[in-house]
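The values are calculated or read from the model by the stated rules, or taken from the named source; none is laboratory data. Source: prediction; values computed, not measured. In this analysis, Cβ positions are derived from the backbone assuming ideal geometry, glycine residues included, and neighbour counts consider all displayed protein chains.
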């Protein structure tokens, strides 16, 4: 009978629930960044994207629910470089006191002209080389937030970064097979600067870096003239922008539709660009097809 309490104690110990791994509650500013956090964090993160699928991060208007999500977050991720002009106000309104991770930290930025002024181009993630920097920054932030799961985040992050590196090489070789004079694309707004710089593609757009910018009549006329002189035969619209202006320009230059691109907003799960890697892959394939 003396052995019974020992046996019961052992059974009780074996039946006891295993301690649950920590889950880091994160908020990301927009859908592309949210997917990077999700891929690196795996099962150890909850991710809330403020700007949802097909949403425009330039013109986003936060809601009280967004403020509540920030207040409950362990870590907040932004892209930075001036993309989220609304974020500072939202953080202040939410009372969030934690760390805000600027995921683009360490990227070699490029400048662009907007209303006659030189500004920093915020669309850094469209180069997959920069995407690797985003993923590395996210991985390091999650390790800091949850050091007990550091090995898990390193494994997840390293595998994901290797995937991004493979896509970067694929994109380089895909465009290298196209004559330089044919690597030209007309799109809705100037979101592909880093992409063009990395992969040797020239982009023309009806407005500047922000979808809230407006093209003047002289800008539109000059672009139509340029399209004709450089024999641009295909135009693309973007899932988060108003397509009317670029369609008007294309009609005046006899350019034909090449489909949709996804430079700064993912689609819903059933869409063609439900993840960062899917969006990048789609964009490369669509552009290459139009150039051939």
- Message: Tell me yes or no: at least one residue of region 140-148 is in contact with a strand residue (DSSP E or B) (Cβ under 7 Å, 6 or more places away or on another chain) and surrounded by fewer than 21 Cβ atoms within 10 Å (Cβ to Cβ).
- Response: yes
- Is there a residue being in contact with a strand residue (DSSP E or B) (Cβ under 9 Å, 6 or more places away or on another chain), at pLDDT 95 or above and part of a helix (DSSP H, G or I) anywhere in region 254-274? no
- Test result for residue 51, surrounded by 14 or more Cβ atoms within 10 Å (Cβ to Cβ), modelled with pLDDT of 95 or more and in a loop (DSSP other than H, G, I, E, B): yes
- Message: Yes or no: region 126-137 includes at least one residue that is modelled with pLDDT of 95 or more, surrounded by 23 or more Cβ atoms within 10 Å (Cβ to Cβ) and not in a helix (DSSP H, G or I).
- Response: yes
- Residue satisfying condition, being surrounded by 15 or more Cβ atoms within 10 Å (Cβ to Cβ), under 24 Å from residue 262 (Cβ atoms), within 22 Å of the chain's Cα centre (by Cα) and at pLDDT 95 or above, within set 205, 104: 104
- Item | Qualifying positions in region 110-125 - over 20 Å from residue 283 (Cβ atoms) and surrounded by 14 or more Cβ atoms within 10 Å (Cβ to Cβ) | 114, 119, 120
- Task: Sort out which residues of region 170-185 are closer than 26 Å to residue 104 by Cα and in contact (Cβ under 8 Å) with a residue 40 or more places away in the chain, and write them in order of number.
- Result: 170, 171, 174, 175, 185
- Task: Please go through region 57-80 and pick out each residue that is in contact (Cβ under 8 Å) with a residue 40 or more places away in the chain and not in a helix (DSSP H, G or I).
- Result: 57, 58, 59, 72, 73, 74, 75, 76, 77, 78, 79, 80
- Task: Go through region 93-125 and give me each residue that's in a helix (DSSP H, G or I) and within 17 Å of residue 193 (Cα to Cα).
- Result: 124, 125
